[in-house]
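The structure appears right after this line, and notes come after that.
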Amino acid sequence: MSINIVNISKKFGSFEALKDINLTINTGELVALLGPSGSGKTTLLRIIAGLEYADAGEILINEREMISRKIRERKVGFVFQHYALFRNMTVFENVAFGLKVRPRGLRPPKNEITGRVHELLRLVQLESHAERYPRQLSGGQRQRVALARALAVEPSVLLLDEPFGALDARVRIELRRWLRKLHDELHITSVFVTHDQDEALEVADKVVVMNAGRIEQTGGPEEVYDNPASPFVFNFLGAVNIFHGRVHDGCAHIGSLKIDSREHVDVPDTMVVGYVRSHDIDIGRTATGGSSIPARVRTIHRVGNIVRVELLPDDGQGAVEAEITRDRLNELNLQEGEGVHIRPKKVKVFIEDYQI
Amino acid sequence: MNDAIKQTIAFVKSKKAAARITEPLPVRIILTSLALLFVGLFLVVPLVSVFTMAFNKGMEVYFASLVEQDALSAIKLTLITAAIAVPLNLLFGLTASWAIAKFEFRGKYFLISLIDLPFAVSPVISGFIFVLLFGSHSLLSPWLEAHDIKILFAVPAIVLATVFVTFPFVARELIPVMAANGNEEEEVALTLGAGGWKTFFRVTLPGVKWGLLYGVILCNARAMGEFGAVSVVSGHIRGETATMPLHVEILYNEYNFTAAFAVASLLAMLAVVTLAAKKFVEWKSSGRFTPQLNTERRESGSSGVDL
Amino acid sequence: MNLSLKKQSILPGFFPSLGITLLYLSLIVLIPLSTIFLRSAALTFGRFMEIVTAPRVVASFALSFGASLVAAVTNVFIGVLLAWVLVRYKFPGKGLVDALVDLPFALPTAVGGIALTTLYAENGWIGRLLAPLGIIAVFNPLGIVIALIFIGFPFVVRTVQPVLLELDVEIEEAAASLGAGRVQTFVRVVFPSILPAVLTGFVLSFARALGEYGSVVFIAGNMPMKTEIVPLMIMTKLEQFDIPAATAIAFVMLVASFILLLLINFLQWKSGKNLVSG
């Protein structure tokens, strides 16, 4: 079942939560809505579900208009950030709820409901917990009950709001891999909201990066990571170093660096910003003409197998952080206070007036 | 001793003092005794005296006072009044708390204050307004007389006055509980295909059942025990428009103390049962809901120091 | 649906439930209460003043406000003491004492009234002990104050208790470690934190005392100019079929009640303890 989001806008008072959003989600995709808090991602998810009214625009699920439909007719499975399990019901009753409340004619017989619920509980590996109450479960278990409950009604799409947000780090990683596996088995069109770029990049088929009510970029995880469409996306998807410079004739000059920047060939002499990820910076002992910047080592922090080196460029720009392996550190035999050369391996140049 | 050691000892001492900070034992004993003395004098003794007075002429007189014709009709009227007032205010409480706790709208806090109004009004005035509404000088009275409908100095006015004074009880317990439960469970139920009523009965109502029961218990106690408001509108007709509290007054003013205290003892038992039921609900629901203001719940067992 | 009245929510039933709420509220509370204001408006100002400044009425106002004030002040001390003991100390029967505090809320006022009257009568259990000292409570303002203490002190206990419970003991420990004595700690650290709750309890207890009828009429004796409280004054005027006088007096009382209600709401808002936590 595909989802088409067409020209959706939403205001809360004078705050524009969503500004003319357009997005297509294909059948069977697992899509991440990624953005900082306040970017509108949860609002968009709630509008798809029918939990929030849009001020303008259309939602189509499987080519059918949804805005005018009542929430119960939309057949969406929604999993809340804090699970919203029914406190007064057991795990079994929670999962069975959607089947039990169907109108008499459409309600499956009791033994069929029981069978279905146990099947789902097996799927989420909670068969032995059927008679427990939500308060007797761990966070990860609750999350899986919420998922089973949403799946019980055979939804056309599955929507998850910060599905791992309330879990501790280890369970989080475990559960997101499990969710990916589950999706590969069920192939149900799914959308989840997250503010954690690792989560989005690891789990999703497609990542939608949102900021201030707009979509900044849509693409596969590698595409958005390797080719960020804006400084915001670059910045949001990982630690980044910023270099200021100028561009003219399709070549950016940043300090002693000269970077081929053909996409800006039409731009007259302008201020630019170069973005470099920490792990795309190497450190060398010798200068390489036009591709390195002289700097001084300020601090060296070893974090497990990686080493973060803070460097101060000699041209007075802000501090730069390089991420190198321990092997490389040993090879270079760096000492704090030494003069070295920063060698960016990959620089992305944006015109200065972009704001982060 | 050098200064460093002195400082260390002072620090350790202060730490030790701070670890179990409280008043000296004699102060604790005096304060606790004062509190117990007051509770004994103002609560236990009056409660005990009701039963003592009721039984001071023996069991036989006691039971005779209760099965006497007027007493029985007073009991019946009290039960009828509560049986109408409590369900009405229960339904109102559920409706009002749904609107107030589940939705945001302008004037919400003003509405809550309006619901609290009857608590602020003197019982006598609570009765008096119905005299003004239905009495012989009122706008309604020609119409009522033409249709031979008797409201004032009859059962309808007693019920109305009781509904008025017990009006806020259920709503004010339910609103905070329902608001604290949030809207997410209801939203889930809707996405799972449940309709409005199914969502309300299967999700909302079970989630507030203890708050509801709490409100009903308090509402019932007040409905059965209301004196001032009912006194104004009842007309004090023995055996007809006298509720139990009014019957107690009538007997007391006739210097029939034993009978007065016998009927009063039933009301005192109602109070004791109410307190026990309240404790039970607080215990059952501990941590799941917090009753409001004049009946605040707290855990008392775990805190405090031994005397 | 795009109504500015409510923020959009997908839960059903807002308009029906709000409609029923407003209808029922109007029928049971607002319309009946409005009669007092409508009938008062029918009185000329001169007539109104004549009624409320009659010596007997003025005496009843003085008595009601005076006795309520004395009772409410007393209740502050009793209430804080009880709350303190119940929160901070352990003693046998504490749970029972805690439950009993609500007795005045649960006991019908008429029952409390006749019980107190019987106890404080000159031949009663307590009256017998007081009589030799020359203290006679029954049919005296003292009796009224006793009844008003009885029905009012739980308000103070129940507003102060939760605040004391939530009070961080570490703050007291910090005060002690800085060299403050126990009394100093209470006055400077504890009392300021519970003050809003104490004030709320005080006003609640005062408001309740002002309107109280059942527990007072028996012990008061209802002697004109001496032990006649305002609610009784209204009752007396009613029995004399003097509806305008009853209305005028009720009007004054109602205005006082509304001011107190506003004050209570303000205090609760101040102490961050609004009715709805959502």
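The values are calculated or read from the model by the stated rules, or taken from the named source; none is laboratory data. The structure presented is a predicted model; accordingly, all values stated were derived computationally and were not measured. All Cβ positions, glycine included, derive from the backbone under ideal geometry; neighbour counts span all protein chains shown. SASA here: full protein model, heavy atoms, side chains in, ligands and nucleic acids out. Shrake-Rupley method; radii C 1.70, N 1.55, O 1.52, S 1.80 Å.
Points worth noting:
- Listed by first and then second residue, the pairs linking a residue in region B:255-268 that is within 8 Å of chain C (Cβ to nearest Cβ) and under 15 Å from B:Val61 (Cα atoms) to a residue that is part of a helix (DSSP H, G or I) and open to solvent by 10 Å² or more (accessible area, probe 1.4 Å), with Cβ atoms under 6 Å apart and 6 or more places separating them unless they lie on different chains, are B:Ala260/B:Tyr252; B:Phe261/B:Met53.
- The set of residues in region A:54-79 being open to solvent by 60 Å² or more (accessible area, probe 1.4 Å) and either within 13 Å of chain B (Cβ to nearest Cβ) or in contact with a Pro (Cβ under 9 Å, 6 or more places away or on another chain) (or both) consists of A:Arg69, A:Lys70, A:Arg72, A:Glu73, A:Lys75.
- Pick from region C:85-98, criterion at the interface with chain B (Cβ under 7 Å from one of its Cβ atoms) and open to solvent by 20 Å² or more (accessible area, probe 1.4 Å), ranking: farthest from C:Glu172 (Cα to Cα): C:Gly95
- Being within 18 Å of the chain's Cα centre (by Cα), open to solvent by 70 Å² or more (accessible area, probe 1.4 Å), at pLDDT 95 or above and within 20 Å of C:Leu27 (Cβ to Cβ) is true of B:Leu91.
- Residue within region A:47-57 that is out of contact with any helix residue (DSSP H, G or I) (no Cβ under 7 Å at 6 or more places or on another chain) and closer than 25 Å to A:Asp196 by Cα present: yes
- Members of region B:269-289 that are among the β-branched types (Val, Ile, Thr) and either touching a Ser or Thr at 6+ places or on another chain (Cβ under 9 Å) or more than 7 Å from chain C (Cβ to nearest Cβ) (or both): B:Val272, B:Val273, B:Val281
- Among residues of region B:76-88 being of a type in the set (A, V, I, L, M) and crowded, with 22+ Cβ neighbours inside 10 Å, the one that is nearest to the other protein chains (Cβ to nearest Cβ) is B:Ala85.
- In this structure, B:Glu68 qualifies as of a type in the set (D, E, K, R) and open to solvent by less than 80 Å² (accessible area, probe 1.4 Å).
- Test: A:Ala84 is small (Gly, Ala, Ser), within 13 Å of another protein chain (Cβ to nearest Cβ), assigned to a loop (DSSP other than H, G, I, E, B) and open to solvent by less than 50 Å² (accessible area, probe 1.4 Å): yes
Conditions (1) more than 9 Å from chain B (Cβ to nearest Cβ); (2) within 16 Å of C:Phe61 (Cβ to Cβ); (3) of a type in the set (Ser, Thr, Tyr), marked per residue:
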| position | (1), (2), (3) |
| --- | --- |
| C:Glu170 | no, no, no |
| C:Ala180 | yes, no, no |
| C:Thr185 | no, no, yes |
| C:Ser205 | yes, no, yes |
| C:Ala209 | yes, yes, no |
| C:Leu261 | no, no, no |
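- Within region A:217-260, strands (runs of 3 or more DSSP E) holding 1 or more residues that are open to solvent by less than 70 Å² (accessible area, probe 1.4 Å), free of Cβ contacts under 8 Å to residues at least 60 places away in the same chain and more than 11 Å from A:Gly274 (Cα to Cα): A:251-254
- In region B:98-129, the qualifying residues are those that are in contact (Cβ under 8 Å) with a residue 60 or more places away in the chain and either within 17 Å of B:Leu246 (Cβ to Cβ) or more than 9 Å from every other protein chain (Cβ to nearest Cβ) (or both), and the one that is most open to solvent (accessible area, probe 1.4 Å) is B:Pro123.
- Filtered by the rule that a residue be open to solvent by less than 40 Å² (accessible area, probe 1.4 Å) and more than 7 Å from chain B (Cβ to nearest Cβ), region C:20-33 gives a lone residue, C:Ser26.
- The residues of region C:107-131 that are under 21 Å from the mean Cα position of the chain (by Cα), open to solvent by less than 10 Å² (accessible area, probe 1.4 Å) and facing another protein chain (nearest Cβ under 7 Å), listed by number, are C:Pro108, C:Ala110, C:Val111, C:Gly112, C:Ile114, C:Ala115, C:Leu116.
- Scanning region A:138-156 for residues that are of a type outside the set (S, T, N, Q) and more than 11 Å from every other protein chain (Cβ to nearest Cβ) yields A:Gly139, A:Gly140, A:Arg142, A:Arg144, A:Val145, A:Leu147, A:Ala148.
- Under the condition of being open to solvent by 10 Å² or more (accessible area, probe 1.4 Å), over 20 Å from B:Leu91 (Cβ atoms) and either of a type outside the set (Asp, Glu) or at the interface with chain C (Cβ under 10 Å from one of its Cβ atoms) (or both), the residues counted in region B:174-189 number 4.
- Residues being without any contact (Cβ under 8 Å) to a residue 40 or more places away in the chain and in a helix (DSSP H, G or I) - total across region C:104-135: 12
- Check on B:Ile217, part of a helix (DSSP H, G or I) and facing another protein chain (nearest Cβ under 8 Å): no
- Residue within region C:161-169 that is among the charged types (D, E, K, R) and at pLDDT 90 or above present: no
- Against the list (1) in a helix (DSSP H, G or I); (2) more than 22 Å from B:Val165 (Cβ to Cβ), the condition C:Leu33 fails is (2).
- Hey, C:Ser215 of a type in the set (Gly, Ala, Ser), assigned to a helix (DSSP H, G or I), within 11 Å of chain B (Cβ to nearest Cβ) and surrounded by 21 or more Cβ atoms within 10 Å (Cβ to Cβ) or not: yes
- Note on region B:208-240: residues that are over 16 Å from the mean Cα position of the chain (by Cα), open to solvent by 40 Å² or more (accessible area, probe 1.4 Å) and in contact (Cβ under 8 Å) with a residue 12 or more places away in the chain total 4.
- Per the conditions (1) open to solvent by 10 Å² or more (accessible area, probe 1.4 Å); (2) under 30 Å from A:Ser37 (Cα atoms); (3) β-branched (Val, Ile, Thr), the sole criterion not satisfied by A:Thr114 is (2).
- Top-ranked residue in region C:36-83 [being among the small types (Gly, Ala, Ser) and outside any helix (DSSP H, G or I); ranked as farthest from the other protein chains (Cβ to nearest Cβ)]: C:Ala54
- Any hit, region A:289-297, residues being at pLDDT 80 or above, among the basic types (Lys, Arg) and surrounded by fewer than 17 Cβ atoms within 10 Å (Cβ to Cβ): yes
- Applying the set (1) under 30 Å from A:Gly250 (Cα atoms); (2) under 30 Å from the mean Cα position of the chain (by Cα); (3) in contact (Cβ under 8 Å) with a residue 24 or more places away in the chain to A:Ala319 leaves exactly one unmet item: (3).
- Qualifying positions in region C:163-182 - under 23 Å from C:Ala106 (Cβ atoms) and without any contact (Cβ under 8 Å) to a residue 12 or more places away in the chain: none
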